[in-house]
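See structure below.
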Amino acid sequence: MSLLGPYYGIHSRGEPDEIPPAVAEEIEATYPGYHTIPPELGNEAVPDVAMDTVLMGEATIYVCLFSVVWTWVDPV
C-alpha cells in the first residue's frame, strides 16, 4: 500500500497470472478506491532519483512508492 496515493502492488516471485484474484479483491475491498500498479509501469526506472539502497537512475516506481524489497527478485 502506498501512503502517497491510492495504489498498491502485489509482490510475487512467480508470474503475474499466478496471483490469485482473491488477493487483489480483498485489498480493494479493504481499501476502497485503491488500484494496482501494473508491472510495466511499476518496474519503470525513475531518472535522477537515488535512494539509500538504490543507485541513481536505478530506482523504480515500485521502489519509490513501496520499498527496496521490490529489488530482491527479478522484475516480472
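Just so it is clear, none of the values below were taken in a lab; they were calculated from the coordinates. Nothing here was measured: the structure is a model prediction, and the numbers come from that model. With ideal geometry, Cβ positions are generated from the backbone for all residues, glycine too; neighbour counts draw on all protein chains shown.
General remarks:
- Amide H contacts under 5 Å for HIS35, placed H, 5+ residues apart: TYR7, TYR8
- Among 29-37, 55-63, the order from most to least packed when residues are scored by Cβ within 10 Å on average: 55-63, 29-37
- If you take all other residues with their beta carbon under 13 Å from the beta carbon of TYR34, and give Lys and Arg +1 and Asp and Glu -1, the sum is -3.
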